[in-house]
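Please read the structure below before turning to the comments.
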Amino acid sequence: MIIDHTLTNRRASGQEPANNQRRMLIGGAMGVAVAAVFSSSGQVIAQEAEAPNDPFIVLLKGLYVPVKQGQGPRSNLGLSTVHLSDGSYSRTKIYPIFGIAGSRSDDNRDGDPIGNFFVQFTGSLCAYQLPGGAIAMSFDPTTPSNPGFSNIPHPDGVGGQFLEGTFELTIVEATGVYRAFKGGHNHMVDTLHQLPDGISFDEDCFCHISGKGR
């Protein structure tokens with residue numbers, strides 16, 4: 001997602017973001033594939049996954065954790081358009097909501113995560129690590145005629161703030177059971193909680209991911 005630099009403090013490193021806007025966050029081929037999904041302990045769990053529905057919906061939920069340089073996922077999730085070990089990404093969890101393995105009819109935010117979401121603090125790229133493959137996306141450019149997002153801050157009453165908005169992204173690369181989604185679209189509906197320390201963020205973002213032409 002995109003956060004105006006006037007709404008955020010300097011990062012923990014003490015460096016001011018290079019862009020005036022910070023992108024915080026604010027995704028199928030048929031058949032079955034074997035996916036490598038990182039557990040919370042960092043171990044790799046192999047599991048089978050069916051092709052998702054088009055569209056499908058996932059929830060990004062939880063505190064962001066910086067991905068230190070050289071400590072990104074193995075083999076870069078098989079993606080070439082993002083570099084998840086370069087030190088510019090942070091990570092939170094992905095939960096299934098609709099049309100993807102693990103989905104339930106009700107909100108699954110309190111169930112088990114199915115993967116990880118990676119996003120740049122400065123820049124325009126992000127990646128989804130999902131059962132059966134991975135997806136790389138780019139936040140749509142923001143211009144006066146095509147803002148691509150909305151972002152409205154609301155104080156939380158204890159020194160932090162909620163940043164509420166919508167964001168549009170383009171799918172630039174997809175692997176495994178998500179290959180057919182390349183060129184597709186992601187519509188994010190986001191409530192991002194900036195905690196009182198100014199540098200920690202707690203995510204709650206629904207992602208409506210569709211293939212090309214939908």
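Any read-out appearing in this document is the output of simple, stated calculations on the displayed coordinates, not a laboratory observation. Everything numeric here is computed off the predicted structure, so don't read it as measured data. Positions of Cβ are generated from backbone atoms using ideal geometry, with glycine treated the same way; all protein chains shown enter the neighbour counts.
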Item to check | 3J(HN,Hα) from dihedral phi, segment 87-102, Karplus parametrisation 6.51/-1.76/1.60, rounded to Hz, x for glycine, proline | outcome: x, 9, 10, 10, 10, 9, 8, 10, 10, x, 10, 8, x, 9, 3, x
Item to check | Approximate spin-label separation residue 75-residue 200, in nm, with each point projected 7 Å along Cα-to-Cβ | outcome: 3.5
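Arranged by the count of other C-beta atoms within 10 angstrom, fewest first, what order do 112, 190, 140 take?
Numbers: 112 9, 190 24, 140 17.
In order of increasing Cβ crowding within 10 Å: 112, 140, 190.
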Checklist entry - Could you name the lysines in cross-link range of residue 93, using Cα to Cα under 16 Å and dropping any fewer than eight places away on the same chain? => result 61
Item to check | Label-point separation in nm, residue 152 to residue 182, each point 7 Å along Cα→Cβ | outcome: 3.9
